[in-house]
1. Quick check: is even one residue across the stretch 106-125 modelled with pLDDT of 75 or more, farther than 30 Å from N199 by Cβ and either exposed (fewer than 14 other Cβ atoms within 10 Å of the Cβ) or under 18 Å from the mean Cα position of the chain (by Cα) (or both)?
2. Looking at the stretch 230-271 only, could you name the residues that are under 26 Å from P300 (Cα atoms) and part of a strand (DSSP E or B)?
3. For the stretch 206-222, does any single residue satisfy the condition of being assigned to a loop (DSSP other than H, G, I, E, B), in contact with a Pro (Cβ under 9 Å, 6 or more places away or on another chain) and open to solvent by 40 Å² or more (accessible area, probe 1.4 Å)?
4. Within the stretch 228-242, work out how many residues are loosely packed, with under 13 Cβ neighbours inside 10 Å and charged (D, E, K, R).
5. If you check P222 against the conditions, is it within 21 Å of T258 (Cβ to Cβ) and at pLDDT 95 or above?
6. How do the pairs read when you match residues in the stretch 307-331 that are over 30 Å from E26 (Cβ atoms) with residues anywhere that are open to solvent by less than 20 Å² (accessible area, probe 1.4 Å) and in a helix (DSSP H, G or I), using Cβ under 8 Å and keeping only pairs 6 or more apart or on different chains?
7. If D288 meets every condition in (1) outside any loop (DSSP other than H, G, I, E, B); (2) open to solvent by less than 10 Å² (accessible area, probe 1.4 Å); (3) not hydrophobic (A, V, I, L, M, F, W, C) apart from one, which number is that one?
8. For E225, are the conditions met, namely being out of contact with any helix residue (DSSP H, G or I) (no Cβ under 9 Å at 6 or more places or on another chain), surrounded by fewer than 24 Cβ atoms within 10 Å (Cβ to Cβ) and in a helix (DSSP H, G or I)?
Amino acid sequence: MKIGFFTDSYFPEIDGVTYTIDLWREELEAAGHEVYVIYPDGDYDPDEREVPVRSMPNPFYSGYRIPLLRRPSTLPELDIVHCHGPATVGLLGRYYAWKQDLPAIYTHHTPIEEYFQQSIKLASVASLLGSIYVPWENTLLESFDIVTTSTGQIERTVEHVQLPVGIDMDFFAPTEEDWYPDPDRTVIGYSGRLSMEKNVSEIVRVAEDCPEYEFVIVGEGPRREPLEATAPDNVEFRDFLPREELPTFYSSIDAFVTASTADTLGLSTLEANACGTPVVAADVPPFDRTIGSDNGARFPYGDCDEMATAIESALTSAWETRSAIERYDIQKTIVQLEQLYHNAPQSQDASPVTDGTPWQPSTDE
């Protein structure tokens, strides 16, 4: 099968969508499919199945690019279209599917309206943009044969199926190497983009209240400079780590902490769990579904005292973090994804859900 991933976020930018597409492509190609990635061009050298779309720098969100146009006639011949974003490249994929009469699938990765709230200073303007955007995206999603989301939690009216993006449980596993072997040294870690919606300032704030611990924040983004300027001495900032070093980082820290309010699954939290490390997360979606009594602790967002208490709980309790997240194994995701592709032309007969229950494909042939 020739599959086209149409995405508005891709290398060289590093985020959960980019890594998901890269992992899905690797697994699908290992299963014998051909996967083409159509993405905004940038400082990145594509391979033969990566198809860049001319783009320009994004003045509103540093590090990302605004894709422009590419003629559908210049794209490879595909059997199925899978879109991963609502901007220009995603719309190009929807148009291509309509033009070629192909099945079209959309994966909802990001609640864009929350970025308005985080990035625009005037709350009234952000609210207005959100009130315009959400109905528009609902209309877009309704045009697809199948819409998927990682946890079943989606602030949209469209019917959808639950398809966790998945993590590589073989790659993300406890390592023998330990970057912080001193038993008297307690290290709390975070890895991810340093942007408004990730609320890393909350981690810096709790670090001030927990001077007995060391905090290591790994990542880059528009908020890094102001965060570093206000961080106490027990906070260390590091650039994004090479992918192959992440299992060692996750295995070496004593707890992983996040205060993000804009994740749809929170890949880094599950990766840390897969490496045997408990997670401390805000009690908001999706963490209210992914982080529980077996793999970590939650705290009310914005409550620094409760955040510190949750960290203490993570450090002093016993956990079975890997078994708690086995349902997110990428192998299970790929099996379900292939079934979705196989059944996509009959998607109107499938049974999407809105309550988070995993979708089961038809067994009738």
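1. no
2. Scanning the stretch 230-271 gives V235, E236, F237, A255, F256, V257, T258.
3. Step one: list which residues in the stretch 206-222 are assigned to a loop (DSSP other than H, G, I, E, B), which gives 210-213, 219-222.
Now narrow it down to the ones that are in contact with a Pro (Cβ under 9 Å, 6 or more places away or on another chain): 211.
So of that shortlist, the ones also open to solvent by 40 Å² or more (accessible area, probe 1.4 Å) come out as 211.
The answer is yes; a qualifying residue exists.
4. Residues of the stretch 228-242 loosely packed, with under 13 Cβ neighbours inside 10 Å: 229-230, 233, 239, 242.
From the residues that got through so far, the ones that are charged (D, E, K, R) too are 233, 239.
Of the residues in the stretch 228-242, 2 are loosely packed, with under 13 Cβ neighbours inside 10 Å and charged (D, E, K, R).
5. Values: within 21 Å of T258 (Cβ to Cβ): yes; at pLDDT 95 or above: no.
Criteria not met by P222.
6. As it stands, the answer is M307/V206; A308/V206; I311/V206, since those pairs meet every condition given.
7. That leaves (2) as the condition not met.
8. Details: out of contact with any helix residue (DSSP H, G or I) (no Cβ under 9 Å at 6 or more places or on another chain): yes; surrounded by fewer than 24 Cβ atoms within 10 Å (Cβ to Cβ): yes; in a helix (DSSP H, G or I): yes.
The answer is yes for E225.
The values are calculated or read from the model by the stated rules, or taken from the named source; none is laboratory data. This is a predicted model, so every value here is computed, not measured. Here Cβ is always computed from backbone atoms with ideal geometry, including for glycine, and neighbour counts include all displayed protein chains. Side chains included, ligands, DNA and RNA excluded: accessible areas come from the protein's heavy atoms. Shrake-Rupley method; radii C 1.70, N 1.55, O 1.52, S 1.80 Å.
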